[in-house]
Every structure is written in C-alpha cells, then in structure tokens.
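The structure appears below as structure tokens.
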Amino acid sequence: MADCLFCGIVGGEIPADVVYRDESVLAFRDIDPKAPVHLLIIPRQHIADVTELGDDGGATIGHAMTVARRLAQENGVSGSGFRIVVNTGPDAGQSVHHIHLHLLGGRALAWPPG
Ligand code: 5GP
Ligand code: ZN
C-alpha cells in the first residue's frame, strides 16, 4: 500500500534490520526498542489493524505468533518470559497502521501497561 511505512520495509524501499522472512511474514528490530529484545512481526499483506482482519486473517496472525515463539527462543527470552502486544487504534497508541506484533523481552515488564 502506498505511503505505508511497513509496506515500504516489505518492499525493500525502506531499510530495516530484518531477522526473519518467509512467504507471508517479515520480522525486524524495532527502530526505537522499548526492551532489550523488541522485534516487530508483520504480515507481508497490508492489513491496517485487528479490526480489518478478514475471516481468513487469523491464519496469518497465527503464523506470526508461531514465528514470534521461534524468535523468542532464538533471542534468549523464551525461558525468562516475554510479551506479545498488538496495539489497535488511538486508545492503544497504534502509530503504524499496518498490523504488527511487538515481541518484547529481556527485562521485567510492568503490568498493567500504561
Ligand atoms: P505501534 O505504536 O503502531 O504499536 O508500533 C509501531 C512501532 O514501529 C514503534 O514501536 C516504532 O518504534 C516502530 N517504528 C516506527 N518507525 C519505524 C521504522 O522506520 N523502522 C522500524 N524498524 N521500526 C519503526
Ligand atoms: Zn502496509
């Protein structure tokens, strides 16, 4: 989608520290990490947010979840714990409107979130 930052990363026009890619998802390091491990996992397909997931959207997000599990292991936070976050809409502070999973770990994470 034109003017979408994450579509630009998928297309290779915008550089990113990509740690994983396959036919349906891409994972890269967050440019402004909020924890020692802060990765973003996104579908290649442009979906703005959870409210725009179609009936078949769960398969892609489920796959992204599996990738997050693998990346948590590879980044050494599987045992210590981690958080997967999907901000959706203004109250959640979503700033990039291409659906993404945040994988956060490597420190104790406060709960509830702010
Ligand atoms: P949101 O606030 O939408 O849940 O998360 C968007 C995330 O994208 C933020 O954590 C922000 O730091 C990250 N981000 C914004 N612009 C870029 C960029 O150009 N490259 C990368 N790698 N991450 C970005
Ligand atoms: Zn997009």
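In table form, for the structure just shown:
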{"read-out": "Subset of the stretch 32-53 that is within 15 Å of residue 94 (Cα to Cα) and hydrophobic (A, V, I, L, M, F, W, C) - its residue that is most open to solvent (accessible area, probe 1.4 Å)", "value": "50"}
{"read-out": "Residues of the stretch 76-87 satisfying the condition of being more than 12 Å from the chain's Cα centre (by Cα) and surrounded by 14 or more Cβ atoms within 10 Å (Cβ to Cβ)", "value": "77, 78, 82"}
{"read-out": "Qualifying residue in the stretch 28-44 (condition: under 27 Å from residue 106 (Cβ atoms), β-branched (Val, Ile, Thr) and away from ligand 1 (no atom under 14 Å from the Cβ))", "value": "no"}
{"read-out": "Filtered residues of the stretch 58-74 (kept if surrounded by 18 or more Cβ atoms within 10 Å (Cβ to Cβ) and away from ligand 2 (no atom under 16 Å from the Cβ))", "value": "67, 68, 71, 72"}
{"read-out": "Candidate set from the stretch 85-111 (those that are assigned to a strand (DSSP E or B) and in contact (Cβ under 8 Å) with a residue 40 or more places away in the chain); member that is farthest from ligand 1 (Cβ to nearest atom)", "value": "105"}
{"read-out": "Filter result (surrounded by 15 or more Cβ atoms within 10 Å (Cβ to Cβ) and farther than 17 Å from residue 88 by Cα) within the stretch 2-28", "value": "7, 8, 9, 10, 16, 19, 20, 25, 26, 27, 28"}
{"read-out": "Residue count, the stretch 93-109 (criterion: open to solvent by 40 Å² or more (accessible area, probe 1.4 Å) and closer than 26 Å to residue 11 by Cβ)", "value": "3"}
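The values are calculated or read from the model by the stated rules, or taken from the named source; none is laboratory data. Here the structure is a predicted model, which means the values were calculated and not measured. Backbone-built Cβ (ideal geometry, glycine too); neighbour counts: all protein chains shown. All accessible areas refer to the heavy atoms of the entire protein, side chains included, with ligands and DNA or RNA removed. Shrake-Rupley method; radii C 1.70, N 1.55, O 1.52, S 1.80 Å.
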